[in-house]
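Report on the following structure.
The values are calculated or read from the model by the stated rules, or taken from the named source; none is laboratory data. Here the structure is a predicted model, which is why all the values come from computation and not from measurement. Note: ideal-geometry Cβ built from the backbone for every residue, glycine included; neighbour counts use all protein chains shown. Surface areas here come from the heavy atoms of the whole protein model, side chains and all, with no ligands, DNA or RNA. Shrake-Rupley method; radii C 1.70, N 1.55, O 1.52, S 1.80 Å.
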Amino acid sequence: KSSTFIIGAPEIVLVDQYPRVRNRVNKFAAQGCRVLVLAQAGSSVKEKIPNNAKAIALIVIQDHIREDAIDTIQYFKNNGVDVKVISGDNPTTVSEIAMRVGISGAERCISLDGKSDEEVKSLALDYTVFGRVAPNQKKLLVQALKEHKKTVAMTGDGVNDILALKEA
């Protein structure tokens, strides 16, 4: 019998099996670690991840924070710039890293997974850290900030940031 190996975010890859590893994932996320799962499914992946994917291993990654990150954030604070973090990663992980570099309000985070466009736009001013953000949701956040008369600048490191970068 053939099987498929899948690697990705545990809460997305494991579907029904996620509760079995939730506590371990949350523990690592609270330490600022990214967590991936290597899972095995008894069927192939077509358009949707099969519900029967079972965890084989958790892969825990600790990001290195650049030496000048804290000084850069402090510079923004000193100049009246509000910093928001918009990421596809686990919101708890992103929040922990943002707190380490001194981003004000970073302890309040939210996952945008499954949120409607209207919900995303309504949350733009309420949080500093946004996790599990899809590319279109990043663009919506930028639009919402601009609609609230904010001047918006953005940096990004991937193709998933292009829509929001263009909008900013």
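A few points about this structure:
- Subset of the range 97-109 that is outside any loop (DSSP other than H, G, I, E, B), of a type outside the set (Gly, Ala, Ser) and out of contact with any helix residue (DSSP H, G or I) (no Cβ under 6 Å at 6 or more places or on another chain) - its residue that is least open to solvent (accessible area, probe 1.4 Å): Ile97
- Members of the range 87-96 that are assigned to a helix (DSSP H, G or I) and open to solvent by 40 Å² or more (accessible area, probe 1.4 Å): Thr92, Glu96
- Each residue in the range 87-115 was checked for being touching a residue at least 60 places away in the same chain (Cβ under 8 Å) and hydroxyl-bearing (Ser, Thr, Tyr), and 2 pass.
- Any chance Thr155 is under 20 Å from Asp63 (Cα atoms) and surrounded by 20 or more Cβ atoms within 10 Å (Cβ to Cβ): no
- Exactly one residue out of Leu112, Leu38 is at pLDDT 95 or above, touching a Lys or Arg at 6+ places or on another chain (Cβ under 9 Å) and open to solvent by less than 70 Å² (accessible area, probe 1.4 Å), and it is Leu112.
- At least 1 residues being in contact (Cβ under 8 Å) with a residue 12 or more places away in the chain and farther than 27 Å from Leu141 by Cβ is the threshold, and among the helices (runs of 4 or more DSSP H) wholly inside the range 8-86 those reaching it are 22-30.
- Number of residues in the range 110-152 that are part of a helix (DSSP H, G or I) and not acidic (Asp, Glu) equals 16.
- Leading residue by the ranking (nearest to Thr151 (Cα to Cα)) among those in the range 41-70 that are of a type in the set (D, E, K, R), exposed (fewer than 12 other Cβ atoms within 10 Å of the Cβ) and at pLDDT 85 or above: Asp68
- Taking each residue of the range 116-131 that is acidic (Asp, Glu) and looking for partners that are assigned to a loop (DSSP other than H, G, I, E, B) and open to solvent by less than 30 Å² (accessible area, probe 1.4 Å) with beta-carbon atoms closer than 9 Å, six or more apart or interchain, yields Glu119/Leu112.
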